[in-house]
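Comments concern the structure below.
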Amino acid sequence: LSLVGSEMCIRDRVSTTGIFAVCKPALWTVGSALRGKPQFVAVGVETNDPGNAGTIIRIADATGANAVIFAGDTVDPESSKVVRASAGSLFHLPVARERNIKDVVGQLKAQGLQIVATAMDGEVPLDEASEVLAKPTAWLFGNEAHGLPSELLELADHRVSIPIKGSAESLNLATAAAMCMWESSKAL
């Protein structure tokens, strides 16, 4: 928000293109995002980085996910950086945001989706998960710095790990999500 002359302007940059638009919100409720028989849903839990959030939306769109849900204290999926990183995919599939993570998990299970969580020590390696992923799945992707809390890992039906062949300690959230969603798209 800035004062230009005697008028108030909303903008996220010092220099703007001068384009102005009035838009309605693009976010869905979790219930409406899960209508029908979803086969594959991506859930970002406490996602903080707008670039990762937008990239998850874009990957979900590219891999045929039915919806994306951001659960917990997350970045705003309608913020300018998330919208830019989604490259328009925010408008191609339902995207919801809900602060109550356990409520989200309950709604996913009520829709018949199995909960698959990413975990460093998951019992199912991603490259061996095709049988698990052949069923309707909701992926839980943890926070960039902390992963998923233990209580959410316990609620999951399966915990999947991504085998790392080299010396890297871990993968970027969006990269890990891309690998997992790609495997889901192949299995369905």
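Tell me yes or no: at least one residue of region 147-155 is open to solvent by less than 40 Å² (accessible area, probe 1.4 Å), touching a strand residue (DSSP E or B) at 6+ places or on another chain (Cβ under 9 Å) and on the phi > 0 side of the Ramachandran plot. Looking for residues that are open to solvent by less than 40 Å² (accessible area, probe 1.4 Å), touching a strand residue (DSSP E or B) at 6+ places or on another chain (Cβ under 9 Å) and on the phi > 0 side of the Ramachandran plot, one finds at least one in region 147-155, hence yes.
Taking SER130 as the residue in question, decide whether it is in contact with a Gly (Cβ under 9 Å, 6 or more places away or on another chain), over 18 Å from THR47 (Cβ atoms) and either open to solvent by less than 40 Å² (accessible area, probe 1.4 Å) or not β-branched (Val, Ile, Thr) (or both). The answer is no for SER130. Among the residues of region 73-86, none qualifies, meaning not one is under 13 Å from the mean Cα position of the chain (by Cα), under 18 Å from SER184 (Cβ atoms), surrounded by 18 or more Cβ atoms within 10 Å (Cβ to Cβ) and of a type outside the set (D, E, K, R). Could you tell me whether SER185 is open to solvent by 30 Å² or more (accessible area, probe 1.4 Å), over 22 Å from ASP49 (Cβ atoms) and under 16 Å from the mean Cα position of the chain (by Cα)? In short, yes.
Number of residues in region 156-180 that are in contact (Cβ under 8 Å) with a residue 40 or more places away in the chain, open to solvent by 60 Å² or more (accessible area, probe 1.4 Å) and in a helix (DSSP H, G or I) equals 1. The residues of region 99-125 that are surrounded by 16 or more Cβ atoms within 10 Å (Cβ to Cβ), out of contact with any Gly (no Cβ under 6 Å at 6 or more places or on another chain) and farther than 18 Å from ASN66 by Cβ, listed by number, are ALA117, THR118, ALA119, GLY122, VAL124. Would you say ASN66 is closer than 16 Å to ALA177 by Cβ, among the polar types (S, T, N, Q) and open to solvent by 50 Å² or more (accessible area, probe 1.4 Å)? Against the criterion (closer than 16 Å to ALA177 by Cβ, among the polar types (S, T, N, Q) and open to solvent by 50 Å² or more (accessible area, probe 1.4 Å)), ASN66 qualifies.
If you check LEU155 against the conditions, is it among the hydrophobic types (A, V, I, L, M, F, W, C), within 19 Å of the chain's Cα centre (by Cα) and closer than 25 Å to ALA62 by Cα? In short, no.
The values are calculated or read from the model by the stated rules, or taken from the named source; none is laboratory data. Keep in mind the model is a prediction, meaning the values are calculated, not measured. Cβ coordinates were reconstructed from backbone atoms using ideal geometry, including for glycine residues, and neighbour counts include every protein chain displayed. Only protein heavy atoms, including side chains, enter the accessible area calculation; ligands, DNA and RNA are left aside. Shrake-Rupley method; radii C 1.70, N 1.55, O 1.52, S 1.80 Å.
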